[in-house]
Amino acid sequence: MEFKGLLQFTIPKNAKAFVVSDLGGNYDGLMQLLKSVDFNWETDFLISVGDLIDRGPNSLKLLKLFITEPRFYAALGNHEWMLVDAANETDPGVRSQKIRNWISKGGAWGAKVPNKKLKKVADSIVKNFYCAITVRFNDMPDKLIGITHADFPFKRWDAKTFANFDEYDYLALTCRRYRANSDPNYDYPVGGVEYTIHGHSRFERPTLKHNCLFIDTGEKESPTIVNIYSLLKTGEPGTACLTLNK
């Protein structure tokens with residue numbers, strides 16, 4: 001499978017930009033968060049750290065929203081990866097095994113989707129999701145935010161690093177927990193960016209490790225949204241983050 005690598009874009013003046021944590025099919029929770037931050041659907045930007053799908057009741061609804069809504073972008077999560085991997089498997093026995101594995105991790109809804117439709121969903125994910133996203137603001141062009149689903153186990157976030165990536169490196173961005181677990185081999189900040197933002201690893205509240213901010217606070221009851229302009233201006237995750245029901 002060849003997923004899209006790095007997406008880079010600039011937020012224009014007078015627009016806000018937010019990053020939202022793992023949602024796991026929680027469409028209603030996202031709508032509550034957007035209302036709470038006074039999200040402007042005509043001008044503002046929203047970036048997902050991935051894992052839009054599974055466990056919750058509205059996986060397809062969330063996928064459709066992020067694929068069709070202008071200024072909505074998503075990093076590839078491990079749950080989207082599992083969907084794509086299962087849908088594209090041509091060996092019936094192996095495909096059945098991959099589907100069972102996906103179901104065991106919250107993908108039961110996908111087993112009810114006809115094969116042709118599931119393949120279309122997988123193709124849309126491959127076309128529209130990115131393994132990594134870089135965001136900057138028009139009035140702060142040198143202050144970058146890097147976003148992946150799970151991790152960034154590398155020293156610098158820059159073009160040279162990404163140019164040498166292979167599928168296993170992108171898999172690390174999507175599935176690993178080195179920095180979240182305070183692995184001593186990665187006990188240093190990521191160079192080339194002000195912050196990186198990730199989901200995947202559950203914390204009671206948004207947690208900063210060096211300059212890596214982990215925002216998966218529970219997709220069912222307490223997802224988190226981050227005003228990334230506020231994060232850059234204040235350097236205070238507690239000020240920039242809003243967690244539902246907390």
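Each reported figure results from applying straightforward, stated rules to the coordinates on display, with no laboratory input. A quick note: this is a predicted structure, and the numbers were derived from the prediction, not measured. Because the Cβ atoms are built from the backbone with ideal geometry, glycine has one as well, and the counts that use them run over all protein chains shown.
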* Select, from Phe214, Phe162, the only residue that is of a type in the set (Phe, Trp, Tyr), over 22 Å from Val226 (Cβ atoms) and either out of contact with any Lys or Arg (no Cβ under 6 Å at 6 or more places or on another chain) or touching a residue at least 12 places away in the same chain (Cβ under 8 Å) (or both). => Phe162
* **Residues that are acidic (Asp, Glu) and without any contact (Cβ under 8 Å) to a residue 40 or more places away in the chain, drawn from segment 114-144** => Asp123, Asp142
* To do: Answer yes if at least one residue in segment 50-57 is surrounded by fewer than 22 Cβ atoms within 10 Å (Cβ to Cβ) and either basic (Lys, Arg) or not in a loop (DSSP other than H, G, I, E, B) (or both), and no otherwise.
  => yes
* To do: Those residues that are closer than 14 Å to Ile47 by Cα and either buried (at least 22 other Cβ atoms within 10 Å of the Cβ) or under 14 Å from the mean Cα position of the chain (by Cα) (or both), I need them from segment 62-88; list them, please.
  => Leu62, Leu63, Phe66, Ile67, Phe72, Tyr73, Ala74, Ala75, Leu76, Gly77
* To do: Quick one: in segment 58-96, of everything that is among the hydrophobic types (A, V, I, L, M, F, W, C) and outside any helix (DSSP H, G or I), which residue is farthest from Ile147 (Cα to Cα)?
  => Phe72
* To do: Test Ile99 against the criterion of being out of contact with any strand residue (DSSP E or B) (no Cβ under 8 Å at 6 or more places or on another chain), assigned to a helix (DSSP H, G or I), surrounded by fewer than 17 Cβ atoms within 10 Å (Cβ to Cβ) and at negative phi, and give yes or no.
  => no
* Please indicate, with yes or no, whether at least one residue in segment 17-24 is outside any strand (DSSP E or B), over 17 Å from Asn128 (Cβ atoms), in contact with a Lys or Arg (Cβ under 8 Å, 6 or more places away or on another chain) and not hydrophobic (A, V, I, L, M, F, W, C). => yes
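Table: residues versus (1) out of contact with any Pro (no Cβ under 7 Å at 6 or more places or on another chain); (2) surrounded by fewer than 17 Cβ atoms within 10 Å (Cβ to Cβ); (3) polar (S, T, N, Q); (4) not in a loop (DSSP other than H, G, I, E, B).
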residue: Val135; (1), (2), (3), (4): yes, no, no, yes
residue: Asp142; (1), (2), (3), (4): yes, yes, no, yes
residue: Asp151; (1), (2), (3), (4): yes, no, no, no
residue: Phe154; (1), (2), (3), (4): yes, no, no, no
